[in-house]
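The structure under discussion appears below in the form of structure tokens.
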């Protein structure tokens, strides 16, 4: 676990001439979500996060409490997609295929 009093420092490719990236989590907040949705326009991609309390078969309506919205430009969204694809691939190699 990272010591919360010290920022995490990484380099993009590990080369000494790359700029240091300092991940400062001093003001970070943590939220739980079991539901997400994605919306987009030409200029931005929005990811909505929330949770539902119960999901039972036969319900006519499911209420999702939205709690967070992350807005990013399409380039940042594409980088997020690449990182998520890699994270899911590594997860499935370790724990087995996720079936949706």
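What follows draws every value from the coordinates through simple rules; no lab data is involved. Computed from a predicted structure; not experimentally measured. Quick reminder, even Gly has a Cβ in these numbers, built from the backbone with ideal geometry, and neighbours come from all protein chains shown.
I'd like the FRET efficiency for residue 16 and residue 88, computed as 1/(1 + (r/R0)^6) with the beta carbon distance as r and R0 of 35 Å, rounded to 0.05. Walk me through the numbers on the way to the answer.
Numbers: r = 31 Å, r/R0 = 0.90.
Computed FRET efficiency for residue 16 and residue 88: 0.65.
If one computes the Cα centroid of the range 55-86 and of the range 17-39, what distance in Å separates the two points?
So the two Cα centres are separated by 14 Å.
Roughly speaking, what is the stretch gain from residue 38 to residue 66, that is 0.36 nm per residue apart minus the C-alpha to C-alpha distance, in nm to one decimal?
Length gained, residue 38 through residue 66: 8.8 nm.
Which value results when the Cα radius of gyration for the range 8-95 is divided by 2.2 N^0.38 Å?
Output field value: 1.45.
At R0 = 41 Å, how high is the FRET efficiency between residue 76 and residue 51 if r is their beta carbon distance? Nearest 0.05 is fine.
0.95
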